[in-house]
1. Tally time: how many residues in the range 14-38 are surrounded by 14 or more Cβ atoms within 10 Å (Cβ to Cβ) and closer than 19 Å to residue 76 by Cβ?
2. Does the range 145-155 contain at least one residue that is in a loop (DSSP other than H, G, I, E, B) and modelled with pLDDT under 95?
3. Kindly evaluate residue 89 against the criterion of being more than 30 Å from residue 349 (Cβ to Cβ) and loosely packed, with under 13 Cβ neighbours inside 10 Å.
4. State the number of residues belonging to the range 396-420 that are in contact (Cβ under 8 Å) with a residue 40 or more places away in the chain, under 36 Å from the mean Cα position of the chain (by Cα), assigned to a loop (DSSP other than H, G, I, E, B) and under 23 Å from residue 126 (Cα atoms).
5. Looking at residue 380 and the list (1) touching a residue at least 60 places away in the same chain (Cβ under 8 Å); (2) touching a strand residue (DSSP E or B) at 6+ places or on another chain (Cβ under 9 Å); (3) under 17 Å from residue 135 (Cβ atoms), which single condition is not satisfied?
6. Any residue that is outside any strand (DSSP E or B), closer than 23 Å to residue 231 by Cβ and within 13 Å of the chain's Cα centre (by Cα) - is there at least one of those in the range 328-336?
7. Answer with yes or no whether residue 197 is within 27 Å of residue 364 (Cα to Cα) and either touching a strand residue (DSSP E or B) at 6+ places or on another chain (Cβ under 6 Å) or assigned to a loop (DSSP other than H, G, I, E, B) (or both).
8. Which numbered condition trips up residue 313, out of (1) under 23 Å from residue 336 (Cα atoms); (2) in a helix (DSSP H, G or I); (3) in contact with a strand residue (DSSP E or B) (Cβ under 7 Å, 6 or more places away or on another chain)?
């Protein structure tokens, strides 16, 4: 969330940022409500001061006029405090819809066509046979079952079976260990979270339609480990010397994908339930340091794809395709032969202090002053989606699928063959 002070000082910049992110904001109404907030707060303070002055007088000096005025002040305070509560509710609601302001290097664009490809790695495989899609491979090698998944779980349900189930776990374990060995704190995040966590991560209000709400009061399923792990220090003040805090988080993830109706409905690309290893950093309120950490997160993700020997490209996301809370974002896309294109597998974002303001996460500087932290996050691995790239890029002419060298010891086999 942006502070009201920042909005006042950068009104045109905030308005332009919202426009470039395809969001409508009513800054005039926000400033009008804030003016009223200041006015009501001033009146309330003056009345409280007068009430205190009356109360300080000796009881004998409090004549009937003083008692009458005291009751009148009480009534006036009640009305003003009720007005202030309503005003603050309206103000906070409007503020919650104001998106973050991107960094200057972020390209301006309306949608995905405005994204900028900044890097490619690896050779796209040239096959001397007609490659199969991951769906065809899954059926021929008995690796997953979508029909029975839909029967048991509903639309976009799935079962991973046989070697693919083992490969799925091996991938997650490999990546989790890799980042732990880099000094990231390993953490298993809860999948059931409270509403303030979704709000703090800026999932609410913009993407509330994609969140699964449980029957219990104030209970939701997490869409990614970013949400609970970012909220780990909510309402806390950290020490500057302890920053940055770096986490590698594992969790199940749940998304309705309501905003993606009709997109990628077949196969393992867009699912309601999946698993992720997520990188999350809580750092100092410093843009230059955040940029360095952003590049570190990106390097980690690219190393994983290079370890797996999967060709990929990196996109610098434009304003219209980067999301509301981000100030800078990279997407990493991995080559998927059945799409004859790259498909998104990782997203890497600097959030600035947008999430930490909502979650009230601060740090204390050596001079005793406090500032809101910065937060960053990046997918290290999302499965089963990454399995699409593995199956399709490693398929062989005889219909089998090779296993990446770095995973062969973990899974215990080098190739997935036809079942006898």
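The values are calculated or read from the model by the stated rules, or taken from the named source; none is laboratory data. Source: prediction; values computed, not measured. Don't worry about glycine lacking a Cβ; one is built from the backbone with ideal geometry, like all the others, and counts go over all protein chains shown.
1. Summing the residues that are surrounded by 14 or more Cβ atoms within 10 Å (Cβ to Cβ) and closer than 19 Å to residue 76 by Cβ in the range 14-38 gives 2.
2. First, the residues of the range 145-155 that are in a loop (DSSP other than H, G, I, E, B): 154-155.
From the residues that got through so far, the ones that are modelled with pLDDT under 95 too are 154-155.
Looking through the range 145-155, at least one residue is in a loop (DSSP other than H, G, I, E, B) and modelled with pLDDT under 95.
3. Values: more than 30 Å from residue 349 (Cβ to Cβ): no; loosely packed, with under 13 Cβ neighbours inside 10 Å: yes.
It is false that residue 89 is more than 30 Å from residue 349 (Cβ to Cβ) and loosely packed, with under 13 Cβ neighbours inside 10 Å.
4. 2
5. (3)
6. Going residue by residue through the range 328-336, those that are outside any strand (DSSP E or B) are none.
Checked against the condition, which is being outside any strand (DSSP E or B), closer than 23 Å to residue 231 by Cβ and within 13 Å of the chain's Cα centre (by Cα), the range 328-336 yields no hits at all.
7. On the way: within 27 Å of residue 364 (Cα to Cα): yes; either touching a strand residue (DSSP E or B) at 6+ places or on another chain (Cβ under 6 Å) or assigned to a loop (DSSP other than H, G, I, E, B) (or both): no.
Here the answer is no, as residue 197 does not meet what is asked.
8. Exception for residue 313: condition (2).
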